[in-house]
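Trainee: This structure is in structure tokens; I'll ask about it shortly.
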Amino acid sequence: MKFILTSFLLVLITCNLFCQQTKNSSRSKTSLYHTIDSLLANGYQSDMYPGASAVVFQNDSLLYFNYGRANIEKDISVSENTLFQLGSIGKILTVIAVLQQVDLGVLDLDADISEYIDFKTLTNKKGIISLRCLLTHTCSFNDVNIGYMSKNSKDVLSLQKFVIDYYPDIFQPVGTEIIYSNYSYALAGFIIEKTTGINFKRYIKDSIFKPLGMSNSSLDFPDNYSEISNYAIPYNKLDDKFKPTTIFPRHAIPAGSLVSNSLDMGKFIRALFKQDVTLLNSSSWDLLYSQQFTNHKILNGYSLGMEQQNINGNESWAKGGMLPGMLSGILIKSNDFAVFLVENTNSDEFGEYFFKSLFDIHYQNNSQVKSSIKKTNAKIFSGSYRDKRYNRKTIEKAATLFTGEIQLYVNATKDSLSLFHNDNWHDYAQVHDGIFQCADIPESYLVFKKDNSGNLSMYRSVNINGLSVPTSYEKLGPFNNSSFFNEQYPINVMVIISGFLFSLLAFVFKLLRLKKKNFLLKYKLPNYIYIIIIVISSSIIFHSIKGVYYLFQYRSEFLFGVPKTFAVATTFAYLLIPLMLLYFGVLMKIYKNKTGTFCTRIFLAVYGTSIICHLAFLKYWNFV
């Protein structure tokens, strides 16, 4: 009897626990659904985005959310069928493609990629380029962005032509640090083509889209997408208004050209979350959810293709996409949920609000502020820094300066560093040698390192659309920062332009001599010096307007190649070299014969020095 009673009680307890787990599971699912729905509703009502689509996978179920308009002008609402251009989320497809070939024994992640493709530019003395370094952005490529896009799909280059024609050099040892590289993924995609003999787009369709039933997804989008009702229109937020913009095709298709809707992305995030063995072996899935490289052990790093997240001290893995007027993101929280979000705007205000609020509501904040050290040296780390993701051998060096530069200030009262990001000022206190922690975002750090030459680098995770991306910076000197470029250097240009005034004054003296024949005649300079000065000053003004100014004013045009206007202006910059040699030849003769007044000769010397400085400026920033 006791046995029967005991057994009965155990059954009751088991049933109660089962019911309680089912209830908790149901509540968690319902709770997450209501949270996401509420966040999307708040974002739309607050005018954070024109349209958004989201899907969450939890407890083996997919839940879809759609808000706002895919097309404001035509008043078309967002639905599960609305197609969005998702950008770099497509890099995950490239990683899966590579790992499928690794699973088959065709590729080796750590082998020299010259075993799979053969063109001379791969030869370098800075280390072995492997698939692992390609997929973790650690090859130190000098990525070229001029000509990265095409104005129409028919002019998109083949992968082979792109990786050969746009091959960048390697500017530092391979595996040194993370520097985001679209070229790396284009090269990985090309390796897929070479080793399988299948076009990359066809491979992705047959090996990923078809097995997952993603029938609405592709790596192409029509040139007239804005005229098709189920395509979302991209919008830039300007002066609190959403204005339509245009997305153009890109040559580096494996770096991110995914077009999809939330119906298909639900299937995709389900496969990612469940680690679908029909796509990859379990060992390969582990590579997507484990850190493969980090700039420092305290910082978030990269798996293969995914960026490590630490929101409120909770680890997850994510991949974001960013295109003109379009932001997207996938986030995987192991053993809990996966979520996909896309908004047709360039403003990441909602993405930051969405992902942070999601963790604030559903997870305990495990972040801890470390104790700051007593003796700090914040001042030596202050100054201007720029993102190392730029090409050092083209005009991109100048073009990206103003977008990739940040300023670190010393907060004297707290002996800490102050940095403006995500619309607020944040204080970073030193917690270890070369390591600073954010006071109000404890999972955010600044890490500083010096190389053997004494150059200072800084590493941090940048928040883009609510997801963190590992980023490397270099400290700038007094003559290569935006302040010098924008505020101090124009003084030198003004000296050169003063050559016009100098020549005008000489012309006035010439007119005066018509009335008074010997007026300052003994101080007269030869006429050809004025002609040379006028030609030099005119060339510099023309190049400054149609070259330097044009670069910053119409920077987006360079994504399709070098504009003709800029190319013409560059010829005037090259003319300065022979003109300068001619000028100094004449100047030496003037000094030798002591022609003109002492003040005149001083001005000519200063003018000549300004020409040298201007040419040095053009050379440093790759204008010549």
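Trainee: With (1) touching a residue at least 40 places away in the same chain (Cβ under 8 Å); (2) crowded, with 22+ Cβ neighbours inside 10 Å; (3) more than 25 Å from Leu83 (Cα to Cα) as the list, and Gly325 as the residue in question, which single condition is left unmet?
Mentor: (3)
Trainee: Pick from region 49-70 the residues that are in contact with a Phe, Trp or Tyr (Cβ under 7 Å, 6 or more places away or on another chain) and of a type in the set (A, V, I, L, M): which of them is farthest from Leu32 (Cα to Cα)?
Mentor: Ala52
Trainee: Could you please find all residues in region 380-408 being aromatic (Phe, Trp, Tyr) and either farther than 14 Å from Asn481 by Cβ or out of contact with any Leu (no Cβ under 7 Å at 6 or more places or on another chain) (or both)?
Mentor: Phe381, Tyr390, Phe402
Trainee: Return the residues of region 67-96 that are open to solvent by less than 40 Å² (accessible area, probe 1.4 Å) and of a type in the set (Phe, Trp, Tyr); say none if nothing qualifies.
Mentor: Within region 67-96, Phe84 is the sole residue that qualifies.
Trainee: A follow-up question, please. Out of the strands (runs of 3 or more DSSP E) lying entirely within region 393-448, which hold 1 or more residues that are surrounded by fewer than 17 Cβ atoms within 10 Å (Cβ to Cβ)?
Mentor: Because the criterion is at least 1 residues that are surrounded by fewer than 17 Cβ atoms within 10 Å (Cβ to Cβ), the strands (runs of 3 or more DSSP E) in region 393-448 that meet it are 405-411, 416-421, 424-432.
Trainee: Within region 367-420, count every residue that is in contact with an Asp or Glu (Cβ under 7 Å, 6 or more places away or on another chain) and of a type in the set (Phe, Trp, Tyr).
Mentor: 2
Trainee: For region 109-118, does any single residue satisfy the condition of being out of contact with any Pro (no Cβ under 8 Å at 6 or more places or on another chain), within 21 Å of Leu467 (Cα to Cα), of a type outside the set (D, E, K, R) and open to solvent by less than 20 Å² (accessible area, probe 1.4 Å)?
Mentor: no
Trainee: Just name the residue that is nearest to Asn300 (Cα to Cα) out of those in region 168-210 that are open to solvent by 40 Å² or more (accessible area, probe 1.4 Å) and assigned to a loop (DSSP other than H, G, I, E, B).
Mentor: Only one residue fits best here, namely Thr176.
Trainee: So which residues in region 123-145 are free of Cβ contacts under 8 Å to residues at least 40 places away in the same chain and not hydroxyl-bearing (Ser, Thr, Tyr)?
Mentor: Scanning region 123-145 gives a single hit, Lys125.
Quick grid of which residues meet (1) in contact with a helix residue (DSSP H, G or I) (Cβ under 8 Å, 6 or more places away or on another chain); (2) modelled with pLDDT of 95 or more; (3) over 25 Å from Ala52 (Cβ atoms):
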residue	(1), (2), (3)
Asp143	yes, no, yes
Tyr167	yes, no, yes
Phe171	no, no, yes
Ser215	yes, yes, no
Leu219	yes, yes, no
Ser226	no, no, no
Ser229	no, no, no
Ile233	yes, yes, no
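Trainee: Another question, if that's okay. Name the residues in region 38-66 that are open to solvent by 50 Å² or more (accessible area, probe 1.4 Å) and within 13 Å of Thr345 (Cβ to Cβ), would you?
Mentor: Residues satisfying the conditions are Tyr44, Ser46, Asp47.
The values are calculated or read from the model by the stated rules, or taken from the named source; none is laboratory data. Please read these numbers as outputs of a predicted model, since none were measured by experiment. Methodologically, a virtual Cβ is constructed for each residue, glycine included, from the backbone with ideal geometry; neighbour enumeration extends over all protein chains shown. Please note that ligands, DNA and RNA were not included when accessible areas were found on the heavy atoms of the full protein model with its side chains. Shrake-Rupley method; radii C 1.70, N 1.55, O 1.52, S 1.80 Å.
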